[in-house]
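First up is the structure itself, then whatever we jot down about it.
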Amino acid sequence: MARPKNQTARRRQLTEAAGRAIIARGAGAVRLKDIAEQAGVTPGAVLYYYPNVDQLLVEVHRDAGERFCDARIAALDRITDPRLRIRAAVRSGLPTGPDDENVRTLYEMDALVGKSTLYAALSASFFERQVALYQVILEAGVAQGYFTLCDDSATIARNIVALEDAYGLHVLASNPTIDLAEAERLIVAYARVATGCDLATAGDGAG
């Protein structure tokens, strides 16, 4: 039996439904039935497009990661000053709040890292993609004479991304002492020390 011509739209519907199911139950506990219920279809209909549920979960991770990266690149696209770029990068690397479903999906998917080499590879690749973004900004800041790095750019970039991951979890959890503004302030405080540049004020009004 041939798949319907709108299979691309149906696959997107299923990945979105799987994402909602993951948020509701957690990636480690989500079942085929949960995904089908979220999509409003039968479990058989899900298997028709994704015979292996793990394949569907991989697509969820890939789609969420691409949306995250696309939004991040868009936030930095027109900013040329490395001092402003690093501050904008920190802001775009954190969840917007407890209701940020896309970032929550990525966090939930991390529960599968220890259970699957594939998910572990996806998670590592996603992490290094964020690291590379910061390395470009840091090295541009050095080249333009704004930054004096306290360590190599890869080390600093990895620390910043790790801080995003850590503080982002507090933002999602509605920690009253670490909201989005405070998480951003804390990460920028580390970046200030790491770059030797007062990022809290430097670059204001620059293009």
Can we say Ala45 is among the aliphatic types (A, V, I, L, M), farther than 17 Å from Leu122 by Cβ, at pLDDT 85 or above and open to solvent by 20 Å² or more (accessible area, probe 1.4 Å)?
yes
Any residue in region 50-64 that is open to solvent by 50 Å² or more (accessible area, probe 1.4 Å) and not in a helix (DSSP H, G or I)?
yes
Within region 117-150, restricting attention to residues that are of a type in the set (Ser, Thr, Tyr) and farther than 18 Å from Ile86 by Cα, which residue is least open to solvent (accessible area, probe 1.4 Å)?
Tyr119
Which residues, taken from region 89-107, are open to solvent by 50 Å² or more (accessible area, probe 1.4 Å) and assigned to a helix (DSSP H, G or I)?
Arg91, Glu101, Arg104, Tyr107
Where the second residue is surrounded by 18 or more Cβ atoms within 10 Å (Cβ to Cβ) and not β-branched (Val, Ile, Thr) and the first is more than 16 Å from Gln144 (Cβ to Cβ) and without any contact (Cβ under 8 Å) to a residue 12 or more places away in the chain and lies in region 83-102, which pairs have Cβ atoms under 7 Å and are six or more apart or on separate chains?
none
Quickly run through region 1-58 and pick out the residues that are of a type in the set (S, T, N, Q) and over 17 Å from Asn102 (Cβ atoms).
Asn6, Gln7, Thr8, Thr42, Asn52, Gln55
I'm checking my understanding of the structure. Among residues of region 65-88 that are acidic (Asp, Glu) and under 20 Å from the mean Cα position of the chain (by Cα), which one is most open to solvent (accessible area, probe 1.4 Å)?
Asp77
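The values are calculated or read from the model by the stated rules, or taken from the named source; none is laboratory data. A quick note: this is a predicted structure, and the numbers were derived from the prediction, not measured. Positions of Cβ are generated from backbone atoms using ideal geometry, with glycine treated the same way; all protein chains shown enter the neighbour counts. These accessible areas exclude ligands, DNA and RNA; they are computed on the full protein's heavy atoms, side chains included. Shrake-Rupley method; radii C 1.70, N 1.55, O 1.52, S 1.80 Å.
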